[in-house]
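Comments concern the structure below.
Derivation of every value follows stated rules applied to the coordinates shown; laboratory data play no part. What you see is a predicted model, and the numbers here were worked out from it, not measured in a lab. Cβ: placed from backbone, ideal geometry, glycine included. Neighbour counts: every protein chain shown.
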Number of protein chains: 2
Amino acid sequence: MHSYTEENYLKALFNLSAEKGEVSPNEVSKQLGIKMPTVNSMMKKLAEKKLVIYESYKPIRLTEKGKKEAGLIIRKHRLTEMFLVQQMGFGWEEVHEIAEQIEHLQSPVFFEKMDALLGYPKIDPHGSPIPDKTGKMEWIKYEKLSSCKAGDTVKLAAVIHTTDDFLKFLNQRGLQLGLKLKIKRVEKFDGSMEVGYTKNPSEVLSHTVCERLLVERV
Amino acid sequence: MHSYTEENYLKALFNLSAEKGEVSPNEVSKQLGIKMPTVNSMMKKLAEKKLVIYESYKPIRLTEKGKKEAGLIIRKHRLTEMFLVQQMGFGWEEVHEIAEQIEHLQSPVFFEKMDALLGYPKIDPHGSPIPDKTGKMEWIKYEKLSSCKAGDTVKLAAVIHTTDDFLKFLNQRGLQLGLKLKIKRVEKFDGSMEVGYTKNPSEVLSHTVCERLLVERV
DNA sequence: GTAATAACTTAGATTAATCTAACAAATAAA
DNA sequence: TTTATTTGTTAGATTAATCTAAGTTATTAC
């Protein structure tokens, strides 16, 4: 359908515009590590194909068609991550790079098989929602750990900004999805938190970390 | 390392030159569905990279380096086919197309994991040997069914020229690897054979089919 | 052994995706 | 509000992979 390259732009646009619904060429350029003039001409091309709405000096917006296409690529990415973890035994910090490649495969049966083998999962190994077959995706309304208070007990539901380093950091501390955390103390001046959980009665997490952990109340 | 395109040329060269050790540009052109001038310039490029030996109006030969690279791609292809059949439940007629894409992924860990999960298989689902980690591959010396005689009992060991149609033909007749066949009759004038096996006491196979089935004596 | 055919090569054009250099517009700072 | 900075655009070049058209070399057929 679309080229490998176009798919990567669509994905970047989808992720970057998630909050505001629009992105600047500059952001896309930085995200993909591609120079602005290249982004510019690609946006013209995607606009031709009715995947984005784009006018000079105005922000870029995905069309409905563009959102759908992007959602379907992200679906393939997240299904793949789930497959790599659940069926192949990879760690959650290892799967992103592989999924970046597999997401571009053109083979509906392959992804349908994955989906079926996994029992039609709704989330990926990091707790991010897997878009449905129409490309639509919805985040469950989790709270950030950073917005919780001392005394709260919560369950780790998702991780955002999942770089390999961050995931390894969590691995080292035995922090995984589903883990029940008791918030023991919140440091006012820097927002760091002391939490306790099964394997570790006292762990201090920086504000930056707490901002990246999404939790459910228990 | 090499581009997707280069990899496809290497694979084609490997397969086409398997018997004689050399190929003509014309054969490559037909195999890949690419016009001769394109093949010509790609051969110059691969010669630059020391992957092939090529001089005008002479046949093309892979260098040792070229054979190794090609072998490693075929390794990835066949490991993938095995994975798709054994771990994901695909039929042997469905896997080629998917493997054509996955073989180009750049992720050693991914293929190592596959290999391990499969128990380091030596053959793919069609009985073709999987090259080792150095790209080397050896065919076990099977016999063609067509070279057997009435009264022989053999075991189906591999299938060659495995088009989807042919594999579906075999599926319909319950012919699968490992199956024990008794040769009941060989028709002299057209080389067709009547064979019997568990599910089917009498099946007539054309000479063309018998040429594509490799067997071991039992 | 020449002529016809097939195979091969060269030359030059095209498309996709990228870049740099230079210019234009919008935003931020003074 | 003028200037400086950042952001965005245009123009033109580059590389990889392809093509068509035209010419060249081998091979096959007579």
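Within the same chain, lysines fewer than 8 places from B:Lys180 are excluded, and of the rest, those with a Cα less than 30 Å from its Cα are B:Lys76, B:Lys122, B:Lys136, B:Lys141, B:Lys144, B:Lys149, B:Lys155, B:Lys168, B:Lys188, B:Lys199. Partner lysines whose Cα lies under 17 Å from the Cα of A:Lys44, excluding those fewer than 8 positions away in the same chain, are identified as A:Lys11, A:Lys35, A:Lys58, A:Lys65, A:Lys67.
What do you get for chymotrypsin sites (Phe, Trp or Tyr not before Pro) in the stretch A:100-194 restricted to DSSP loop and a cutoff of at most 15 other Cβ within 10 Å of the site's Cβ? Present the calculation step by step, with values, prior to reporting the outcome.
On the way: sites: A:Phe110, A:Phe111, A:Trp139, A:Tyr142, A:Phe166, A:Phe169, A:Phe189; in loops: A:Trp139, A:Tyr142, A:Phe189.
Sparse-neighbourhood loop chymotrypsin sites (Phe, Trp or Tyr not before Pro): A:Trp139, A:Phe189.
Pick out, in residue order, every one of the trypsin sites (Lys or Arg not before Pro) in the stretch A:94-172 that is DSSP loop and has at most 16 other C-beta atoms within 10 Å; say none if there are none. Display every interim value, and only then the final one.
Details: sites: A:Lys113, A:Lys122, A:Lys133, A:Lys136, A:Lys141, A:Lys144, A:Lys149, A:Lys155, A:Lys168; in loops: A:Lys122, A:Lys133, A:Lys136, A:Lys141, A:Lys149.
Within the stretch A:94-172, the qualifying trypsin sites (Lys or Arg not before Pro) (loop, at most 16 other Cβ atoms within 10 Å) are A:Lys122, A:Lys133, A:Lys136, A:Lys141, A:Lys149.
For B:Val52, the residues whose amide H sits under 5 Å from its own are B:Ala47, B:Thr63, ignoring neighbours fewer than 5 places away on the same chain, with H placed 1.01 Å from N. Comparing A:Met82, A:Met114, A:Met36 in a Gaussian network model of chain A, where Cα atoms under 10 Å apart are tied by springs, the biggest mean-square fluctuation is seen for A:Met36. Under a model in which nothing but the beta-carbon of Lys, Arg (+1) and Asp, Glu (-1) is charged, the protein assembly as shown shows a dipole of about 120 debye around its Cα centre. What shape does the stretch B:143-217 have by the C-alpha gyration tensor, where a ≥ b ≥ c are the square roots of the eigenvalues, rounded means a/c under 1.5, and otherwise prolate means a/b greater than b/c and oblate the rest? Judged from the Cα gyration tensor, the stretch B:143-217 comes out rounded (a/c under 1.5). Charge dipole of the stretch A:41-163 (Cα centre as origin; +1 on each Lys and Arg Cβ, -1 on each Asp and Glu Cβ, all else neutral): 640 debye, rounded to the nearest 20. Highest mobility in the GNM of chain A, judged by mean-square fluctuation with C-alpha springs under 10 Å and restricted to A:Pro25, A:Pro201, A:Pro125, is found for A:Pro201. Residue exposure proxy: B:Ser202, A:Ser107, ordered by other Cβ atoms within 10 angstrom of their Cβ from fewest to most, comes out as B:Ser202, A:Ser107.
In terms of surrounding Cβ atoms within a 10 Å radius of their Cβ, B:Leu175, A:Leu118 rank from fewest to most as A:Leu118, B:Leu175. About its Cα centre, the dipole of the stretch A:143-217 is roughly 300 debye, where the only charges are +1 on Lys and Arg Cβ and -1 on Asp and Glu Cβ.
Classify the protein assembly as shown as rounded, prolate or oblate, taking a ≥ b ≥ c as the square roots of the eigenvalues of its Cα gyration tensor: rounded when a/c is under 1.5, otherwise prolate if a/b is larger than b/c and oblate if not. Provide the component values of the computation, followed by the final result.
On the way: a/c = 2.52, a/b = 1.73, b/c = 1.45.
It is prolate, given that a/c is not under 1.5 and a/b is the larger ratio.
Across peptide A:26-38, the average count of Cβ atoms from other chains found within 10 Å of a residue's Cβ is 0.
Report summary: the helix-based calculation at 222 nm, which adds -39500 (n - 2.57) for every DSSP H run with n ≥ 4 and divides by the residues of chain B, gives -12500 deg cm²/dmol. Its Cα gyration tensor gives chain A an equivalent ellipsoid, and the semi-axes of that ellipsoid, as √(5λ) in whole Å with the largest first, are 34, 22, 14. For B:Arg185, the residues whose amide H sits under 5 Å from its own are B:Gly151, B:Glu194, ignoring neighbours fewer than 5 places away on the same chain, with H placed 1.01 Å from N.
In this structure, A:Lys35 and B:Glu216 have a Cβ-Cβ separation that, at R0 = 45 Å, corresponds to a calculated FRET efficiency of about 0.15. When its C-alpha radius of gyration is set against 2.2 N^0.38 Å (N residues), the stretch A:59-175 gives a value of 1.16.
Hey, got the average number of other protein chain Cβ atoms within 10 angstrom for residues in B:116-122? Display every interim value, and only then the final one.
Working: counts 2, 3, 0, 0, 0, 0, 0.
What the average comes to for B:116-122 is 1.
Each other copy places its own label point for A:Pro108 at 3.8 nm from this one, sorted shortest first, where the point lies 7 Å along the Cα-to-beta carbon line.
Considering every residue in B:98-110, what mean count of other chain Cβ atoms within 10 Å of its Cβ is obtained?
On the way: counts 6, 0, 2, 7, 5, 0, 2, 6, 3, 6, 0, 6, 9.
What the average comes to for B:98-110 is 4.
Arranged from fewest to most other beta-carbon atoms within 10 Å of their beta carbon, B:Arg185, B:Arg61 become B:Arg185, B:Arg61.
If a/c stays under 1.5 just call it rounded; otherwise compare a/b with b/c (prolate if a/b is bigger, oblate if not). Do that for the stretch A:2-60, with a ≥ b ≥ c from the square roots of the Cα gyration tensor eigenvalues. Since a/c stays below 1.5, the shape of the stretch A:2-60 is classed as rounded.
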